[in-house]
1. Tell me whether segment 214-223 contains one or more residues that are open to solvent by less than 60 Å² (accessible area, probe 1.4 Å) and farther than 30 Å from residue 103 by Cβ.
2. Test residue 166 against the criterion of being among the hydrophobic types (A, V, I, L, M, F, W, C), surrounded by fewer than 13 Cβ atoms within 10 Å (Cβ to Cβ), on the phi < 0 side of the Ramachandran plot and at pLDDT 95 or above, and give yes or no.
3. Of everything in segment 85-118, what is touching a helix residue (DSSP H, G or I) at 6+ places or on another chain (Cβ under 8 Å) and either more than 24 Å from residue 175 (Cα to Cα) or β-branched (Val, Ile, Thr) (or both)? Give them in sequence order.
4. Would you confirm whether or not segment 70-78 contains a residue that is open to solvent by 70 Å² or more (accessible area, probe 1.4 Å), closer than 30 Å to residue 178 by Cα and at pLDDT 70 or above?
5. For segment 202-298, please list each of the strands (runs of 3 or more DSSP E) lying entirely inside it that holds at least 1 residues being at pLDDT 90 or above.
6. Residue under question is residue 251, and the condition is that it be without any contact (Cβ under 8 Å) to a residue 12 or more places away in the chain and over 19 Å from residue 180 (Cα atoms); does it hold?
7. Run residue 208 past the list (1) without any contact (Cβ under 8 Å) to a residue 40 or more places away in the chain; (2) open to solvent by less than 50 Å² (accessible area, probe 1.4 Å); (3) under 17 Å from the mean Cα position of the chain (by Cα) and report the number of the one that doesn't hold.
Amino acid sequence: MATEASSKKKSKVSTTQVKVIDDEESGDVALVEDLRAYLKDKADPSFVKSLPASVQRRIKALKQLQLEYTKVQQEFFTEMAALEAKYSVKYRPLLDRRSDIVAGSYEPTDKECEWHLDDTTIDDDDSAVSPKIVEIKEDGETAIGGLSDDMQKVSVESSVDADDTVATKNETDQVGIPSFWLTAFRNAELLTDMVKEHDEPLLQHLVDLKTVYADNQGLDFTLEFHFSDNGYFTNKVLTKSYVVECKVDENDPFPFEGPTIVKTAGCKIDWKKGKNLTVKTVKKKQRHKGWFFMCFSV
C-alpha cells in the first residue's frame, strides 16, 4: 500500500459550517477573525519592533488571546468530528438501503416512492397514443385524421401494443439506477475534473461508496469504493485512507483552520491484463495518464 505524507502544506478537511445566530456573538467572531488577519499581516518582526514599547506589549497580549482562541477552536472541531462519527452509525441503515435500491437488489414500495416535491408525475397512459394525430369525435370516440374507422381502430390498438411492448422491454432491462455514482461524480465539483472519458465505463460498475471512521473520534477515516464484477480489475473494494490531525501549533497558532490531512494511503489495484487505466504504453514505455484511479496509488 503506497503512502504519501504531507510536508509543509497540509490539506484542509471540509467540515460542517456552523452559523452563529446571535448577532452579538457573530460580531465577536468577526472581530477575532479581523484581529487574526491583522496579526498575520503584521507578523514581520521588523514592523513590530518599529512600534512603541507599550504597543508591542499589548500586541503580545493579543497574541496570547489568539492562542487561547485557537485552542477553543481545536476543541470545537474535535467535538464536531466525534459527532460526525457518532451519527455515521445512524446514517448507515439509510445508506445501505440506498445502495440496495441503486444496485437493484431491493425494489422500493409504492409508499417509499412517494415524493411530493417532484415537478412531474409518472403516468403510464400518457404515451399510449400520440396527441398530435388523435382527435375526439362528438360521440366521444377517438379518430385519426385520414383513416377509415376500421383503420383508426387498428392503428390505435397497434400503437398501444407497440408502446406497451417497448415499455415492458425497458422495464425488464433496467435494474436499479444505472450509472448512479458516475452521474454523482460528474456533478460533484471536486470530482468532475478527475473523471475522464476513459474512467466512465469502469465507474459504471461502482455500486457503493462508504466512509468508515477509524474510531469514535471521527478524525482518521477510510473511503471504500465497492464495485461489481467488471472487465478491468478483480478487486471488489478499493480503499483510500486518511490520517487527520486537529492540533494547534503553539509556536505558530495563527494558520490553524481546523482538521488537516497529514497522510494518505491508497491500495493496490489488481488490474486485468491490458486494462490498467492509470498507464498507457507508447513504444514500450509506460506513462501515467493521470485519471481518477491514479488517486489509489498514493
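1. Yes, that holds for at least one residue.
2. Criteria not met by residue 166.
3. Selection gives 102 alone.
4. Within segment 70-78, none of the residues are open to solvent by 70 Å² or more (accessible area, probe 1.4 Å), closer than 30 Å to residue 178 by Cα and at pLDDT 70 or above.
5. Of the strands (runs of 3 or more DSSP E) lying wholly inside segment 202-298, those with at least 1 residues that are at pLDDT 90 or above span 206-213, 221-227, 237-245, 260-265.
6. Here the answer is yes, as residue 251 does meet what is asked.
7. Failing condition for residue 208: (1).
The values are calculated or read from the model by the stated rules, or taken from the named source; none is laboratory data. What you see is a predicted model; the values in this text were computed from it and never measured. FYI the Cβ positions are ideal-geometry reconstructions off the backbone, even for glycines, and counts take in every protein chain you see. Side chains included, ligands, DNA and RNA excluded: accessible areas come from the protein's heavy atoms. Shrake-Rupley method; radii C 1.70, N 1.55, O 1.52, S 1.80 Å.
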